Amino acid sequence: MTIAVMGCLPTMPEAFPLEYPENAGNMIHGRAPFAMFDDCVFYQDTRFRLSGYTKFAEFANACCSHLVVTIANLLLIGDTDGSKYASFQHFLESIDIPIVVFGLGAQSKTHDLQNASMPSEAVALMQYLGKRCEVVGVRGPFTKEVFRHFAEVTNVYVTGCPSFFQRPEKFTDLREAVRSGKLGRPSYSGTVLHREDETEMLIDAIEQDTFLVEPVNKFNHAFHLACSRGDTEPEIPWYLRKHVGPDKRLSRRTVSEYYRANYRLFRHTQEWYAFNTECVSYTYGTRFHVNMASILSGVPAVWVTHDSRTDELTDFLHLPSVPLETATRMTTADYPSLFSQYEELFDNLSDLYANFNEYLSIFELPTLTLKF
């Protein structure tokens, strides 16, 4: 069976992130169907035209059994621009085969839906998916409630993030790393680095000489490149400037050397997994899929939760987590004390896989085998 895939990029282009804004964490999610199923064709891979079709929808309808759509933060609570929802629905209306949604989520700074709003196009899209899909796969209970509250759609199935399920063989390595410890250096990744609490976490990471994995920020990347070239006094990222100087917490030399030696950015998942396996003892921070890349490498991670998205994902998947307001009072060395939370994940792992396999079975897709 050939499966068509659209949505998150499974690899990042060379122009990323300086000239091509993207989130490398999304490719961890985007790779999921390719890891799960033997024969997948991505909508941006023009080789499908060798089959004689000029449009991907035509190829999918004629040659594929399903369309798997990998979606990250599609629904934004309080959004005012409905164009992206209308455009997405317009494409889906050209698809005749079963549509399988992977990881659809709603993002919000608050869980209060009574006083929230969504564009009419977003509501129409949710209603369309409810009619078009046998069930709509969403990443957590909050997103399920968004479908019910705004669109009165109830055939919604909570799967957690599908990226979690793509390398089941790594959970044995993860359990060993949690219980016996793993050699390497901690690795940090942040989301809104100009926010005071996350700036503080970045400064602590620099002082503790952790790795810094960056999935998005072009300012971080430009500074790393300048430091690697040996530029004289390269421009320090703006959110760190007030903390760098002769009478400040960080010296220019310390920051420059840190970004030269400890900074990492990945455009391919296999390179990312190999780095984690070979070099990292554990990861922590607010970037959900940076931490997901770690456990998919058999390396412990602690999620720092900061919005509805990270709350619902860590809760449903039983992932070790700590709220941002608590994390700001912690240092890098404190995170292993939270590894005891992994026992809850391990206790629920079989049920999580059974739940996800049930979702796949609804669409008659191949299920996954967990040996744990």
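Scanning for something over 25 Å from residue 25 (Cβ atoms), modelled with pLDDT under 95 and either in contact with a Leu (Cβ under 7 Å, 6 or more places away or on another chain) or open to solvent by 40 Å² or more (accessible area, probe 1.4 Å) (or both), does region 70-77 turn up at least one residue? Taking every residue of region 70-77 in turn, none turns out to be over 25 Å from residue 25 (Cβ atoms), modelled with pLDDT under 95 and either in contact with a Leu (Cβ under 7 Å, 6 or more places away or on another chain) or open to solvent by 40 Å² or more (accessible area, probe 1.4 Å) (or both). Taking the stated definitions as given, is residue 86 open to solvent by 10 Å² or more (accessible area, probe 1.4 Å) and either part of a helix (DSSP H, G or I) or touching a helix residue (DSSP H, G or I) at 6+ places or on another chain (Cβ under 8 Å) (or both)? Spelling it out, residue 86 is indeed open to solvent by 10 Å² or more (accessible area, probe 1.4 Å) and either part of a helix (DSSP H, G or I) or touching a helix residue (DSSP H, G or I) at 6+ places or on another chain (Cβ under 8 Å) (or both).
Do we have any residue at all in region 150-171 that's under 17 Å from the mean Cα position of the chain (by Cα), modelled with pLDDT of 95 or more, of a type in the set (A, V, I, L, M) and surrounded by 14 or more Cβ atoms within 10 Å (Cβ to Cβ)? Yes, some residue in region 150-171 is under 17 Å from the mean Cα position of the chain (by Cα), modelled with pLDDT of 95 or more, of a type in the set (A, V, I, L, M) and surrounded by 14 or more Cβ atoms within 10 Å (Cβ to Cβ). Given the condition exposed (fewer than 15 other Cβ atoms within 10 Å of the Cβ), in a helix (DSSP H, G or I), free of Cβ contacts under 8 Å to residues at least 24 places away in the same chain and not acidic (Asp, Glu), answer yes or no: does some residue in region 120-133 qualify? Yes, the conditions are met somewhere in region 120-133.
Answer yes if at least one residue in region 335-353 is surrounded by 21 or more Cβ atoms within 10 Å (Cβ to Cβ) and either within 25 Å of residue 195 (Cβ to Cβ) or polar (S, T, N, Q) (or both), and no otherwise. Among the residues of region 335-353, at least one is surrounded by 21 or more Cβ atoms within 10 Å (Cβ to Cβ) and either within 25 Å of residue 195 (Cβ to Cβ) or polar (S, T, N, Q) (or both), which makes the answer yes. If you go through region 42-63 and keep only what is of a type in the set (S, T, N, Q) and either closer than 17 Å to residue 1 by Cα or open to solvent by less than 70 Å² (accessible area, probe 1.4 Å) (or both), you end up with 51, 61.
Would you mind stating whether residue 102 is open to solvent by less than 60 Å² (accessible area, probe 1.4 Å), among the aromatic types (Phe, Trp, Tyr) and touching a strand residue (DSSP E or B) at 6+ places or on another chain (Cβ under 8 Å)? Yes.
As a summary of the residue check, residue 90 satisfies the conditions (1) under 27 Å from residue 360 (Cα atoms); (2) touching a Pro at 6+ places or on another chain (Cβ under 7 Å) except for the one numbered (2). Checked against the criterion of being free of Cβ contacts under 8 Å to residues at least 12 places away in the same chain, touching a helix residue (DSSP H, G or I) at 6+ places or on another chain (Cβ under 8 Å) and more than 16 Å from residue 220 (Cβ to Cβ), region 240-247 contains one or more residues that satisfy it.
For region 197-240, how many residues are farther than 20 Å from residue 335 by Cβ and acidic (Asp, Glu)?
Final tally of qualifying residues: 3.
The single condition among (1) over 20 Å from the mean Cα position of the chain (by Cα); (2) open to solvent by 40 Å² or more (accessible area, probe 1.4 Å) that residue 277 does not meet is (1). Restrict the check to region 15-37 and report whether at least one residue is out of contact with any His (no Cβ under 8 Å at 6 or more places or on another chain), touching a residue at least 60 places away in the same chain (Cβ under 8 Å) and surrounded by fewer than 16 Cβ atoms within 10 Å (Cβ to Cβ). For region 15-37, residues out of contact with any His (no Cβ under 8 Å at 6 or more places or on another chain), touching a residue at least 60 places away in the same chain (Cβ under 8 Å) and surrounded by fewer than 16 Cβ atoms within 10 Å (Cβ to Cβ): present.
Scanning region 361-372 for residues that are in contact with a Leu (Cβ under 8 Å, 6 or more places away or on another chain) and without any contact (Cβ under 8 Å) to a residue 40 or more places away in the chain yields a count of 1.
The values are calculated or read from the model by the stated rules, or taken from the named source; none is laboratory data. Source: prediction; values computed, not measured. Neighbour counts run over all protein chains shown; Cβ positions are idealised from the backbone, glycine included. The area values use the complete protein model at the heavy-atom level, side chains included, leaving out ligands, DNA and RNA. Shrake-Rupley method; radii C 1.70, N 1.55, O 1.52, S 1.80 Å.
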